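Accompanying notes for the structure given below.
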Amino acid sequence: MDLARRDLLALSASAAALSAIPGRAFAAAGSADAQAARTLDGITEQLLRDSPESATGLGIDKGARAALKSKLTDTSMAGKQAVQAHLRTALQHLKPLKLDTLSPVMRTNVEVVRTAFETALEGFAFPYGDVAVGGYRNSPYVVIQNVGAYLDTPKMLDSDHLIETPADADAYLARMTLYAGQLDGETERLKAARGQGVVAPDFLLDKALKQLTASREGRVEGWGIVTSIARRTATMPGAYGAKAGAIAQGKIGPALERQIAEIRLHRARASSDAGVWKLPKGEEYYAWALRAGTTTRLSPNEVHQMGLDQLADLQRQMDTILKGLGYAEGTVGARMTALGKDPRFTFPDNDEGRAQIVKLLQDRIAHIRALMPQAFNTLVRGNVEVKRLPLAEEPGAPGAYGGAGSIDGKIPSRLWINLRTTQLWTRYSLPDLAYHEAIPGHGWQGEYTFKLPLIRSLLAFNAYSEGWALYAEQLADELGVYKENPVERLGYLQSLSFRACRLVVDTGLHAKRWTRAQAIEWFATTNGSSVEEVQGEVDRYCAWPGQACGYKVGHIYINRLRDKAKAVLGDRFDFRAFNDALVLGGPVPMTVLEGVVDRYVAARKA
């Protein structure tokens with residue numbers, strides 16, 4: 001065991017200790033680390049009170065935090081103002097801490113919290129939209145096709161809210177009542193946004209209305225939010241299904257109707273302008289969203305050109321493979337379009353095809369899990385499952401996404417797959433998806449955060465998380481998963497090209513005033529993606545400005561840091577130790593990640 005390995009194990013052990021014991025017990029009384037840990041403990045608990053669903057998702061809404069299981073985020077104007085006040089208070093408590101007196105691990109923890117809270121407050125300075133504190137989903141729109149309680153809360157209750165006792169079921173009912181309040185809180189903010197002229201594009205509102213209407217349709221006894229608790233309490237006294245139905249009928253249904261009515265008023269005023277440039281202070285808003293999404297100070301023009309440069313390099317590699325497969329004529333995009341229609345690589349567009357997709361993903365996750373000792377010294381379980389998105393979410397959702405489960409492992413990490421049509425997927429693209437969303441991507445990396453102080457599991461940075469997921473795709477390639485199947489490596493390269501295209505399209509929409517049709521045509525033609533897939537992607541960028549840029553920017557920065565470490569260390573560079581340093585340091589802004597890598601290099605040189 002070399003020095004770098006011992007240092008990394010020490011880092012992991014100290015991080016695990018931080019999450020398991022109170023900050024005041026972490027270090028000698030009065031030490032700088034102990035003071036910082038106590039401060040972070042208090043900030044963590046307030047963050048959980050502001051977002052109780054986070055406690056449920058992590059499986060920690062029990063014991064001293066059991067009351068959180070009956071709570072939901074306050075989505076009203078007053079609720080958002082309270083969050084801002086809590087963030088300012090937290091920063092005031094962190095201000096006296098002197099970074100140069102802290103251990104490297106604690107310094108990173110403090111820098112992460114400061115950056116997340118400062119970035120969120122910059123977003124809250126705009127009098128509209130939805131700001132994710134330590135999250136990826138910043139949007140100028142309170143409710144749209146992929147933003148809103150109507151999507152988040154029913155899904156959370158079904159997937160994350162465990163029901164093992166009558167108290168758990170009672171908490172579920174309490175949350176159902178609060179869900180109606182969430183809808184009304186959002187509707188209040190929607191009215192304010194309409195008064196400011198903050199109205200989403202007509203094509204997004206059409207999707208949102210379709211999904212909201214679907215949520216309201218049918219008898220309440222058949223609503224997912226009712227059948228979920230009825231099914232899970234069937235052998236439990238208390239008539240919970242009937243009680244849930246009454247809440248849905250009396251409270252949730254009317255709240256949905258009020259929200260639908262307000263969204264229709266937005267639709268009556270909407271235009272087809274896709275970018276946020278049309279909003280009050282739209283250029284400033286996009287500059288912030290780009291900073292939040294990339295954790296850099298790159299300008300829209302710099303990001304746009306970065307995408308074009310990356311795309312040119314990737315397509316040169318793709319051209320070679322395509323020629324080897326007999327696709328030699330036309331642009332790379334045109335040849336990829338033709339390849340995507342090849343019956344050898346498509347699925348039947350029915351339930352049989354959907355089952356084939358899920359099985360393929362499960363098989364690749366199992367295979368790559370066995371290869372992880374070749375890429376990491378410090379291993380996690382890789383507790384992952386493949387799950388179809390709820391039907392109500394599929395029309396407005398991206399093709400897939402994933403994330404870590406609960407700390408106790410009761411809720412696994414999920415690869416959520418959109419199966420509204422199997423035409424979204426090809427056999428050569430799915431292996432790479434498994435590596436991105438599950439192992440060694442989001443699911444795998446997320447489990448390392450459980451070894452860190454709890455607040456580090458609550459705060460994520462888009463460029464790190466998504467940059468890591470692209471780096472995870474790269475690791476799979478470097479482990480040789482495509483050695484026997486070059487067409488699947490083509491799928492991997494197309495995935496990277498897809499993310500390079502995002503840099504161009506996101507900045508095109510919001511900074512260069514591209515139309516939706518222009519963005520869809522350029523994306524589909526250039527990358528050889530289906531119009532069906534690209535349309536949903538473009539709509540997502542319209543609703544989440546800047547978020548899609550975090551992927552490739554983060555990937556580029558991670559590789560730059562790896563190249564830097566290789567250049568400094570030479571023969572002493574260790575592939576597995578470097579990967580450990582990235583995941584054991586946890587999600588951080590790109591600026592903080594440089595310090596994490598510098599410490600790895602210093603330890604390796606010692």
Fraction of antiparallel bridges per DSSP, the chain only, in percent to nearest 5: 55 percent
Taking a ≥ b ≥ c as the square roots of the eigenvalues of the Cα gyration tensor, with a/c under 1.5 meaning rounded and otherwise prolate when a/b exceeds b/c and oblate if not, region 487-554 is oblate
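How do 580-587, 271-278 rank on mean C-beta neighbours within 10 Å, highest first? Before the final figure, lay out the partial values.
On the way: 580-587: 24.8, 271-278: 18.2.
Final packing ranking: 580-587, 271-278.
For region 112-236, what does the relative contact order come out to in percent, with C-alpha contacts under 8 Å and a separation of six or more? Spell out each step's value before the answer.
Numbers: 88 pairs, mean separation 36.2, N = 125.
Relative contact order for region 112-236 comes out at 29 percent.
Just subtract the alpha-carbon distance of LEU371 and ASP571 from 0.36 nm times their residue separation and send over the number in nm, one decimal. Numbers along the way, then the final one.
Details: separation 200, 0.36 × 200 = 72.00 nm, distance 2.34 nm.
Stretched out fully, the LEU371 to ASP571 stretch lengthens by 69.7 nm.
Between ARG344 and ASP408, 0.36 nm times their residue separation minus their Cα-Cα distance comes to what?
On the way: separation 64, 0.36 × 64 = 23.04 nm, distance 4.15 nm.
Computed gain between ARG344 and ASP408 is 18.9 nm.
Rounded to the nearest 500 deg cm²/dmol, what is the calculated helix-only ellipticity per residue at 222 nm for the chain, with -39500 (n - 2.57) per DSSP H run of length n ≥ 4? Don't jump to the answer; show the numbers that get you there.
On the way: 25 runs with 373 residues, N = 606.
Taking each H run of at least 4 residues, the total per residue is -20000 deg cm²/dmol.
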List nothing, just return the count: lysine pairs in region 272-411, 8 or more apart or interchain, with Cα separation under 26 Å. 6
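Express the relative contact order of the chain as a whole percentage, based on alpha carbon pairs under 8 Å and six or more residues apart in sequence. List each step's numbers first, then the result.
Details: 970 pairs, mean separation 115.6, N = 606.
Over the chain, the number comes to 19 percent.
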Region 432-541: trypsin sites (Lys or Arg not before Pro) in DSSP coil with no more than 12 other Cβ atoms inside 10 Å: LYS483
How about LYS69: which aspartates and glutamates have a C-alpha closer than 15 Å to its C-alpha, ignoring those fewer than 8 places off in the same chain? GLU45, ASP50, GLU53, ASP61, ASP158, ASP160, GLU164, ASP168, ASP170
Cα centroid of region 443-520 to Cα centroid of region 182-256, whole Å: 32 Å
Test of the criteria: in region 445-539, which GluC sites (Glu not before Pro) are in a DSSP loop and have at most 11 other Cβ atoms within 10 angstrom of their Cβ? GLU484
Loop only per DSSP, at most 10 neighbouring Cβ atoms within 10 Å: give me the trypsin sites (Lys or Arg not before Pro) in region 182-227, ordered by residue number. ARG219
Which of these values of Cα Rg over 2.2 N^0.38 Å was calculated from the structure shown: (1) 1.12; (2) 0.94; (3) 1.28? (2)
Given Cα pairs under 8 Å that are at least 6 residues apart, what percent is the relative contact order of region 386-444? 39 percent
Which ³J(HN,Hα) values, rounded to whole Hz and listed in residue order, are derived for region 206-211 from phi using the Karplus coefficients 6.51, -1.76 and 1.60 in 6.51 cos²θ - 1.76 cosθ + 1.60 with θ = phi - 60°, glycine and proline given as x? 4, 5, 4, 4, 4, 6
Would you mind telling me the share, in percent, of accessible area of region 33-116 contributed by carbon and sulfur at probe 1.4 angstrom? 54 percent
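The values are calculated or read from the model by the stated rules, or taken from the named source; none is laboratory data. Values in this document were obtained by computation on a predicted structure and should not be read as measured data. Glycine also receives a Cβ, built like all others from the backbone with ideal geometry; neighbour counts cover every protein chain displayed. Accessible surface areas use protein heavy atoms only, side chains included; no ligands, DNA or RNA. Shrake-Rupley method; radii C 1.70, N 1.55, O 1.52, S 1.80 Å.
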